[in-house]
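Working notes, beginning with the structure itself.
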Amino acid sequence: MSSDANELRFDERLKQYPLSFVIPAFIFKELEKRGIIPSPPNELRASSRFYCNGPVIVSCTEPLKVLEIKPSTTRGVVRNISKSGMSILVGQQFFPSQHLILSFPISNATVKVVRCNQIGKGCFDIGVRVVQYEMC
């Protein structure tokens, strides 16, 4: 299947999941930036992070029975990305060690949640580590 067909299919899927949260104003300025994110002087990173602002479909297929969290699919925004992980904005809370599937126009990524911070009313910044990429 061509990448154009994959992108069209992704756009159609994206319409099924409207953005369910409001991005805080202080994040909007960041989402307009491009390029490498400067690291603080004492922070050691394995790879550079890059500013990003792209749609993603987030699927949680791993329910947490203890918290009565059921499998779900929602729309998110990729905030930044690196070789080994990314930060995404979503309208629901996920928990460390949960596995998610992130769908992009040309690939899917299986990821593991490493952190979750609420940054606004109903808006969560989720840090994930990539487990595997799969081309569409």
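Based on alpha-carbon atoms, the Kirkwood radius and the radius of gyration of segment 28-136 give Rg/Rh equal to 0.96. Charges were assigned to the Cβ only: +1 to each Lys and Arg, -1 to each Asp and Glu. The resulting dipole of the chain about its Cα centre is roughly 280 debye. Of the residues Ser97, Ser39, Pro55, the one whose Cα sits farthest towards the positive end of the charge dipole of the chain is Ser39 (charges of +1 on Lys and Arg Cβ, -1 on Asp and Glu Cβ, taken about the Cα centre). Ranked by the mean number of other Cβ atoms within 10 Å of their residues, highest first, the peptides 81-89, 93-101 come out as 81-89, 93-101.
Each helix, a run of at least 4 DSSP H residues, gives -39500 (n - 2.57); summed and divided by the residues of the chain, these come to -4500 deg cm²/dmol at 222 nm.
Each reported figure results from applying straightforward, stated rules to the coordinates on display, with no laboratory input. Source: prediction; values computed, not measured. Here Cβ is always computed from backbone atoms with ideal geometry, including for glycine, and neighbour counts include all displayed protein chains.
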